[in-house]
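S.K.: The structure follows.
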Amino acid sequence: MKLVAPSILAADFNHLGNAIEMLNNSEADLIHCDIMDGVFVPNISFGLPIVQHVFQIARKPLDVHLMIIDPDRYIDDYCKAGATIITVHYEACTHLHRTIQLIKEHGIQASVCLNPHTPVALLSDIVQYLDMVLLMSVNPGFGGQKFIDNTYRKVGQLKNLIIQNHSKALIEVDGGVNLQVGEKLYQEGTDILVAGSFVFSSENPMETIAALKRL
Ligand code: DX5
Ligand code: ZN
C-alpha cells in the first residue's frame, strides 16, 4: 500500500483550519497528529482541544501519535476526540498488551511505535494484535530532523516479522521523509509515509502530497 499521512505539527497553527481544508482536498490518506508531553519527549506540541477541533472539520481519518508517558490515561479521551488510529510508544508502556486491548475495546485501530534504537524483534509477541506499526526514523520530539538510514533495514525486518506472525499490521515510517527517502521506504515495504516539514514547507503542499503518492 502507498499511503501518505501529513503531520500537522509542521502546519501554520495560526491557520490550522486552512491546513486541514487543504488536506481534505489533497490526496492525503490520513491526518497525522503528534501529541507530545514534554516528559517522554523533550518537547510539548498540542493535545486534546486541538485534536477535537481538527476532527470537527477533517474529512480524513485521524492518525494520533501519542509521544506521552502512561498513555492508558488518555486513550478514552483521544477516542472520543475522533482518533481512527492510536499509536503508543513501546518505550512508554509497561503493560503494552493491556494498552493495545484498551485501544481495541474502543473499536479503533491500535498501533505501536518504536524509537530508532528499539529493535523490531521486541514486537514478536504483540505484532499479531496490531493494525499498524510505526517506525521512528528520527528521535521523536521535533519536526524537520534528518532521516536515520538504519530505518530501511528495520522496515525489511518488520515486514518479515509481520509475515511470520500472520499479522495484518501496516508499516508506517515517521521523520525526515522526502521524495528520495520515501521512494526507498516504499520499495522496502512501507505502507504509510508520515511527512511534516517536507509537505508544509513546500511551495505547493497539495502537489507535494500528490508527488509522495505517485512514488
Ligand atoms: C516527530 C514527529 C513527526 C514529525 C515529522 O517527533 O513524530 O511526526 O512531525 O516531521 P518531519 O516530517 O518534519 O520530520
Ligand atoms: Zn509522528
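The values are calculated or read from the model by the stated rules, or taken from the named source; none is laboratory data. Fair warning: this is a prediction, and the values are worked out from it, not measured in the lab. In this analysis, Cβ positions are derived from the backbone assuming ideal geometry, glycine residues included, and neighbour counts consider all displayed protein chains.
S.K.: State whether the residues of region 134-151 include one that is basic (K, R), more than 22 Å from Y78 (Cα to Cα) and either out of contact with any Gly (no Cβ under 9 Å at 6 or more places or on another chain) or outside any loop (DSSP other than H, G, I, E, B) (or both).
M.R.: no
S.K.: Report every pair of residues separated by at least 6 positions or lying on different chains whose Cβ atoms are under 8 Å apart, first residue within region 1-15 and farther than 12 Å from F200 by Cα and β-branched (V, I, T), second within 16 Å of ligand 2 (Cβ to nearest atom) and in a loop (DSSP other than H, G, I, E, B).
M.R.: Once the first residue is farther than 12 Å from F200 by Cα and β-branched (V, I, T) and sits in region 1-15, its partners that are within 16 Å of ligand 2 (Cβ to nearest atom) and in a loop (DSSP other than H, G, I, E, B) give V4/A28; V4/D29; V4/L30.
S.K.: Take the residues in region 185-211 that are polar (S, T, N, Q), within 16 Å of ligand 1 (Cβ to nearest atom) and assigned to a loop (DSSP other than H, G, I, E, B); name whichever of them is surrounded by the fewest Cβ atoms within 10 Å (Cβ to Cβ).
M.R.: S201
S.K.: Also, I was wondering about something else. From the list A5, A11, A28, A19, which residue is at pLDDT 95 or above, more than 16 Å from the chain's Cα centre (by Cα) and crowded, with 19+ Cβ neighbours inside 10 Å?
M.R.: A19
S.K.: In region 136-184, which residues are away from ligand 1 (no atom under 11 Å from the Cβ), touching a residue at least 40 places away in the same chain (Cβ under 8 Å) and within 26 Å of P205 (Cβ to Cβ)?
M.R.: Residue satisfying the conditions is L170 alone.
S.K.: Test of understanding: among I68, I44, which residue is closer than 24 Å to Y90 by Cβ, in contact with a Phe, Trp or Tyr (Cβ under 6 Å, 6 or more places away or on another chain) and surrounded by fewer than 23 Cβ atoms within 10 Å (Cβ to Cβ)?
M.R.: On inspection, the qualifying residue turns out to be I68.
S.K.: Considering only residues that are surrounded by 20 or more Cβ atoms within 10 Å (Cβ to Cβ) and aliphatic (A, V, I, L, M), which ones fall in region 31-41?
M.R.: The answer is I31, I35, M36, V41.
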